[in-house]
């Protein structure tokens, strides 16, 4: 990881959280989206809450 690489939200389907995480880690965006969808299955809160928190704390790419 280079010193210039920063975690930023991307232009994405909802808020760009998964795209930003994928670019930062080098993992395909599909796996992040799948993880959040699987976390939504047991009632929504386990997947929705972390997504909303990340949406708030990760700055948007300009």
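Read the figures in this text as sums done on the coordinates, not as results from a lab. On a predicted model such as this, the values are computed, not experimentally measured, just so you know. In this analysis, Cβ positions are derived from the backbone assuming ideal geometry, glycine residues included, and neighbour counts consider all displayed protein chains.
For the pair residue 30 and residue 53, the difference between a 0.36 nm per residue extended length and the Cα-Cα distance amounts to 6.3 nm. Ranked from largest, the principal axis spans of the Cα set of the chain equal 38, 21, 18 Å. Normalising the average separation of contacting C-alpha pairs (under 8 angstrom, six or more residues apart) by the number of residues puts the relative contact order of the stretch 17-57 at 31 percent.
Only helices enter the 222 nm calculation for the chain: every DSSP H run of n ≥ 4 contributes -39,500 (n - 2.57), and dividing by all residues gives -16500 deg cm²/dmol, rounded to 500.
Sorted on the mean count of surrounding Cβ atoms within 10 Å across their residues, most packed first, peptides 8-18, 36-46 read 8-18, 36-46.
Modelled spin-label separation between residue 4 and residue 60, with each label point placed 7 Å from Cα along the Cα-to-Cβ direction: 2.4 nm.
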